[in-house]
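Inspection log for the structure reproduced underneath, given as structure tokens.
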Amino acid sequence: MASQISWIFIFVNILLVFVQVLGGRDFYKILGVSKSATTNQIKKAYRKLAKENHPDKNRDDPEAEDRFKDLGAAYEVLSNDEKRKTYDRHGEEGLKQGDSSGDPFSSFFGDFSFFGGGMREQQRETPKGGDVLVDLDVTLEELFTGNFVEVVRYKPVAKPAPGTRKCNCRQEMVTHQLGPGRFQMSQQQVCDECPNVRMVPEEKLLEIEIEPGMRDGQEYPFVAEGEPHIDGEPGDLRFKIRQLKHSKFERRGDDLYTNISISLTDALTGFEVEIKHLDGHAVKVERQKITWPGAIIRKKHEGMPNYENNNVKGMLYITIDVDFPKGELSKEEKEDLRKILKQESKQKVYNGLQGY
């Protein structure tokens, strides 16, 4: 009776594996797009969800990494016309045709030996190629307004070649019968015979979306676009944002800093000037009071857009430099100036760094 229940349990598990393999994942549902979605709509949906579900932003969520991997798999298939057609006709299992693992039961029965061998080693971890990290130079204007950048990637792709090769090599425990009731277990390397392949570089155009508010050092991932693995999955390709130095603005977080130089006359009588911002709009700076060298004017909502919420912007800090005239004044001019300024001659020596 116990053995009968055990076989029923095994049979039920086989059925569950069979249904899961044949059913596969619904890539359209994972990305939240319709089956008629365009490639651009798929790209946009992937970027939005990848940003929201990135494991680095969801460290407390144990399922975040699995969701992120599902997003990468869905994007890899649906953004590729050939793979998408195959998926639409045959589902996820149809994409595996030609692999040595095409039989949905092969991996299940491959992990067990019911007659004489007992249970074999657990499911092997899929090997993965190396990740590729590439610096991407981006202007401050692009980080302010956003932009799309196209990059040509020459990626090694496996192509069929004559002959066969040993693949999926692993260490397995094998049981040998030495005599009645005597057994010996030893570990040995076991390999499969796979069709031979060769790596051929293929040109691929990647589109990178520079989103407003992205920060220096931030990474933009392309799942499965890294180095290939002949017996496994390719690694990931990550572009690292490198903010280029700007001639007029300096960025610190979401705030921007710049300087303007005015004449001594403007400093004493007031001035009005327009600063051309990163997106071309004019920022009006006006002051009718006396302005001293090093004075800072603050402009709200004129800084960088916040990456998480583009409706929120930082501050623009404008430091005033005063350009003093050169030459000398006559005795009469000096006297007239003292009368106008109404300021007595005064000197004081002090530690100007004491307040820091």
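The values are calculated or read from the model by the stated rules, or taken from the named source; none is laboratory data. Since we're looking at a predicted model, the values are computed, not measured. So basically every Cβ, Gly included, is an ideal-geometry build from the backbone, and we count neighbours across all protein chains shown. For accessibility, only protein heavy atoms count, side chains too; no ligands or nucleic acids. Shrake-Rupley method; radii C 1.70, N 1.55, O 1.52, S 1.80 Å.
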Open item on the list: Name the residue that is most open to solvent (accessible area, probe 1.4 Å), counting only residues in the range 62-108 that are at pLDDT below 85 and aromatic (Phe, Trp, Tyr).
Closed with: PHE105
TODO: Would you mind stating whether ASP56 is surrounded by fewer than 14 Cβ atoms within 10 Å (Cβ to Cβ), without any contact (Cβ under 8 Å) to a residue 24 or more places away in the chain, in a helix (DSSP H, G or I) and of a type outside the set (Val, Ile, Thr)?
DONE: yes
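Quick check on the range 228-251: of everything there that is among the acidic types (Asp, Glu) and in contact (Cβ under 8 Å) with a residue 60 or more places away in the chain, which residue is farthest from TYR317 (Cα to Cα)?
Taking the range 228-251 as the starting set, the residues that turn out to be among the acidic types (Asp, Glu) are 231, 233, 236, 250.
From what's left, in contact (Cβ under 8 Å) with a residue 60 or more places away in the chain: 231, 233, 236.
Working: ASP231: 55, GLU233: 49, ASP236: 39 Å.
Filtering first and then ranking leaves ASP231.
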Open item on the list: I'd like to verify a number: residues in the range 216-251 that are touching a Phe, Trp or Tyr at 6+ places or on another chain (Cβ under 9 Å), open to solvent by 30 Å² or more (accessible area, probe 1.4 Å) and at pLDDT 95 or above, how many?
Closed with: 3
- [ ] All but one of (1) open to solvent by 40 Å² or more (accessible area, probe 1.4 Å); (2) under 43 Å from the mean Cα position of the chain (by Cα) hold for ILE275, so report the exception by its number.
- [x] (1)
TODO: Only residues that are outside any strand (DSSP E or B) and surrounded by fewer than 14 Cβ atoms within 10 Å (Cβ to Cβ): list them for the range 177-213, please.
DONE: PRO180, GLY181
- [ ] Could you tell me which residue of the range 136-161 is most open to solvent (accessible area, probe 1.4 Å), considering only residues that are assigned to a strand (DSSP E or B) and aliphatic (A, V, I, L, M)?
- [x] VAL152
Open item on the list: Where the second residue is part of a helix (DSSP H, G or I) and surrounded by fewer than 18 Cβ atoms within 10 Å (Cβ to Cβ) and the first is without any contact (Cβ under 8 Å) to a residue 12 or more places away in the chain and lies in the range 62-88, which pairs have Cβ atoms under 6 Å and are six or more apart or on separate chains?
Closed with: ALA64/PRO55; GLU65/PRO55; THR86/GLY94
TODO: Six or more apart or on different chains, Cβ under 7 Å: which pairs go from a residue in the range 206-227 that's in contact (Cβ under 8 Å) with a residue 60 or more places away in the chain to one that's assigned to a loop (DSSP other than H, G, I, E, B) and among the hydroxyl-bearing types (Ser, Thr, Tyr)? Could you list them?
DONE: GLU211/TYR307; GLY213/TYR307; MET214/TYR307; ARG215/TYR307
Task: Conditions (1) modelled with pLDDT of 80 or more; (2) in contact with an Asp or Glu (Cβ under 9 Å, 6 or more places away or on another chain); (3) surrounded by 12 or more Cβ atoms within 10 Å (Cβ to Cβ): number failed by THR164 - done: (3)
Open item on the list: Consider the range 309-356. How many of its residues are more than 59 Å from the chain's Cα centre (by Cα), surrounded by 10 or more Cβ atoms within 10 Å (Cβ to Cβ) and not in a helix (DSSP H, G or I)?
Closed with: 1
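Considering only the range 283-300, I want to know if a residue exists there that is outside any helix (DSSP H, G or I), among the polar types (S, T, N, Q) and buried (at least 17 other Cβ atoms within 10 Å of the Cβ). Before the answer, list the steps.
At the first step, the residues of the range 283-300 found to be outside any helix (DSSP H, G or I) are 283-300.
Okay, now just the ones that are also among the polar types (S, T, N, Q), so 288, 291.
Filter again for buried (at least 17 other Cβ atoms within 10 Å of the Cβ), leaving 291.
Yes: the range 283-300 contains one or more residues that are outside any helix (DSSP H, G or I), among the polar types (S, T, N, Q) and buried (at least 17 other Cβ atoms within 10 Å of the Cβ).
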Task: Answer residue from the range 252-272, given it is among the acidic types (Asp, Glu) and in contact (Cβ under 8 Å) with a residue 24 or more places away in the chain and is surrounded by the most Cβ atoms within 10 Å (Cβ to Cβ) among those - done: ASP266
- [ ] Report, ordered by the first and then the second residue, all pairs with beta carbons closer than 8 Å, sequence separation of six or more or different chains, a first member in the range 320-342 that is under 12 Å from LEU268 (Cβ atoms), and a second member that is open to solvent by 100 Å² or more (accessible area, probe 1.4 Å) and modelled with pLDDT of 90 or more.
- [x] VAL322/TRP292
